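For reference, the structure is listed below as structure tokens.
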Amino acid sequence: MTINKLNLLPWREEKRKKHQQRFLGLIGGGFLVVSGGLWGSLWFLDYQSEIQTARNQQFRQEIAKLDRQLSFLPELDQQRRAIDQRLNILVSIQQERNRPTQLLSWLPALVSQGVYLDNLDLRGNLISLKGVSDSNGRLAAMLSNAEKANWTKDIAMHSIIAIKGKNSEDQTQFSASFQMIKPMPLLAEATIENKERSY
């Protein structure tokens, strides 16, 4: 009986080569996948870095813009103070301009009937009065009116002299002064007081 011997070496060698080729293919594919993943990750990180850099640049530009705007604030504040100072000067000038008119408007409510003024002097807030009165009672009424007025203060009587009038009647010559209060009350208030005192 004849036994045929089979040589399995070529088949095994071929199978080993196929396994080796498949292994190398898997390693190559894995390398390509890993390389692609790394490249994709690096590209994404670089893209995100570019976006963040652009945002940072925009933030820096906005901050520089705000800094330029804030640098004008001291100058604007100085201009505001200068304008306020000018307005205060204008208000003061307007008050000083209106002071004689207001004084003449309020004076009839102050001076009693029977009191006659010979001299009226206005220097700033100080008003000096000189005149004559029919009696001390009328002079006392004028001082009482001055004390009740809401636009006067520091009322003072400097001199009271008994004299004879043109017809030899008894009269009282006087000298007085008072201060006008700032800010001065409205003309309407003085007018109302004048009407109340006339009744």
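Which residue, of Ile83, Ile63, Ile160, is farther than 23 Å from Ile181 by Cα, touching a residue at least 24 places away in the same chain (Cβ under 8 Å) and open to solvent by 40 Å² or more (accessible area, probe 1.4 Å)?
One residue alone meets the criteria, Ile160.
Any residue at all in the stretch 125-134 that's more than 25 Å from Asn150 (Cβ to Cβ) and either out of contact with any Phe, Trp or Tyr (no Cβ under 6 Å at 6 or more places or on another chain) or modelled with pLDDT under 80 (or both)?
The answer is yes, given that some residue of the stretch 125-134 is more than 25 Å from Asn150 (Cβ to Cβ) and either out of contact with any Phe, Trp or Tyr (no Cβ under 6 Å at 6 or more places or on another chain) or modelled with pLDDT under 80 (or both).
Would you confirm whether any residue within the stretch 70-82 is aromatic (Phe, Trp, Tyr) and assigned to a helix (DSSP H, G or I)?
Scanning the stretch 70-82, I find no residue that is aromatic (Phe, Trp, Tyr) and assigned to a helix (DSSP H, G or I), so the answer is no.
What is the one condition in (1) open to solvent by 80 Å² or more (accessible area, probe 1.4 Å); (2) outside any loop (DSSP other than H, G, I, E, B) that Leu143 does not satisfy?
Condition (1) is where Leu143 drops out.
Look through the stretch 121-132, keep the residues that are over 10 Å from Ser175 (Cα atoms) and part of a strand (DSSP E or B), and return whichever of them is least open to solvent (accessible area, probe 1.4 Å).
This residue is Ile127.
Applying the selection to the stretch 163-199, what residues are loosely packed, with under 13 Cβ neighbours inside 10 Å, under 20 Å from Leu104 (Cβ atoms) and at pLDDT 75 or above?
Correct list: empty.
Any idea which of Thr101, Thr53 is within 30 Å of Asn125 (Cβ to Cβ) and either hydroxyl-bearing (Ser, Thr, Tyr) or exposed (fewer than 10 other Cβ atoms within 10 Å of the Cβ) (or both)?
Thr101
The values are calculated or read from the model by the stated rules, or taken from the named source; none is laboratory data. Since the structure is predicted, the reported quantities are computational estimates derived from the model, not experimental observations. Quick reminder, even Gly has a Cβ in these numbers, built from the backbone with ideal geometry, and neighbours come from all protein chains shown. Just the protein is used for accessible areas: all its heavy atoms, side chains included, with ligands, DNA and RNA removed. Shrake-Rupley method; radii C 1.70, N 1.55, O 1.52, S 1.80 Å.
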